[in-house]
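So the structure is just underneath, and the comments pick up after that.
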Ligand code: MF3
Ligand code: CO
Ligand code: CO
């Protein structure tokens, strides 16, 4: 299936699903602190999603065993919540929430800190969020996917970080991962032209050290090869006539 243009009815359903996904991140923040396990955070998110009449999309997706992905420190993405180790003061973590509501997906993630992060970790979190917004700002009808990737890559590399290349953003709707693939690196003016009515995620993964990743033997957990820190922020966006609408914007969230 090629890139879809969503109808007004579909866009309204995307808005509802995406608002719910955003509200999970609003809700979970106060629970993130030293001593809590990622399994406990997963359980709280799962219950909230189900209570709101939705389904956590990751659960059983290609065999993923939990309801959200939680990626701590050197984990780039697809971390599996577990009861083994509690969060420690200074840990940084991404919680990635995808819900299915009335047949449509909303997908968003952000970084949290357990207790107080050190300045280098804070800087990585901040610059990665800026990378997401440098990408979002490129979205408008007539722009190219390469414009998004180039803006993200430029900001990461100007800050002496690297962009993970093995994982990308994606079209989203009735499918979790639809076309197109949204790279977080590239060349301006290249790639697919954006059209009003497209919905896709932008979700840059930015490494403190080198860009290279590997998957652990559990088949899911993606870590930095050099074991330095990695950060990720994700929004689902709609291409509008004027530019973009961030469908997963949280209450009170200010653009970077
Ligand atoms: N939410 C992730 C994304 O942004 C995908 C997670 S797939 C899972 O695309 F199976 F690991 F949950
Ligand atoms: Co996601
Ligand atoms: Co995504």
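The values are calculated or read from the model by the stated rules, or taken from the named source; none is laboratory data. Quick caveat: nothing in here was measured; it's all calculated off a predicted structure. Every residue, glycine as well, gets a Cβ built from its backbone with ideal geometry; the counts of neighbours run over all protein chains shown.
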- Task: Sort out which residues of segment 205-238 are within 16 Å of residue 132 (Cβ to Cβ) and in a strand (DSSP E or B), and write them in order of number.
- Result: 205, 206, 207, 230, 231, 232, 234, 235, 236, 237, 238
- Leading residue by the ranking (nearest to the chain's Cα centre (by Cα)) among those in segment 113-141 that are buried (at least 22 other Cβ atoms within 10 Å of the Cβ) and within 16 Å of ligand 2 (Cβ to nearest atom): 132
- Note on the structure: Residues of segment 239-252 being at negative phi, assigned to a loop (DSSP other than H, G, I, E, B) and surrounded by fewer than 24 Cβ atoms within 10 Å (Cβ to Cβ), in sequence order, are 240, 241, 242, 249, 250, 251
- Determine whether segment 97-108 contains at least one residue that is away from ligand 2 (no atom under 16 Å from the Cβ), in a helix (DSSP H, G or I), at pLDDT 95 or above and closer than 28 Å to residue 183 by Cβ. no
- Query: For segment 153-176, does any single residue satisfy the condition of being under 30 Å from residue 12 (Cα atoms), within 15 Å of ligand 3 (Cβ to nearest atom), under 14 Å from the mean Cα position of the chain (by Cα) and surrounded by fewer than 18 Cβ atoms within 10 Å (Cβ to Cβ)?
  - Reply: yes
- Note on the structure: Exception for residue 56 within (1) in contact with a helix residue (DSSP H, G or I) (Cβ under 9 Å, 6 or more places away or on another chain); (2) within 21 Å of residue 229 (Cα to Cα); (3) within 15 Å of ligand 2 (Cβ to nearest atom) falls at (2)
- Message: Condition check: closer than 19 Å to residue 236 by Cα, in a helix (DSSP H, G or I) and more than 15 Å from ligand 1 (Cβ to nearest atom). Does residue 122 satisfy that?
- Response: no
- Filtered residues of segment 125-148 (kept if assigned to a helix (DSSP H, G or I) and more than 16 Å from ligand 1 (Cβ to nearest atom)): 125, 126, 127, 130, 133, 134, 145, 146, 147
- Message: Looking at (1) buried (at least 20 other Cβ atoms within 10 Å of the Cβ); (2) away from ligand 3 (no atom under 16 Å from the Cβ); (3) within 11 Å of residue 76 (Cβ to Cβ), which one does residue 215 not meet, given that it meets all the others?
- Response: (1)
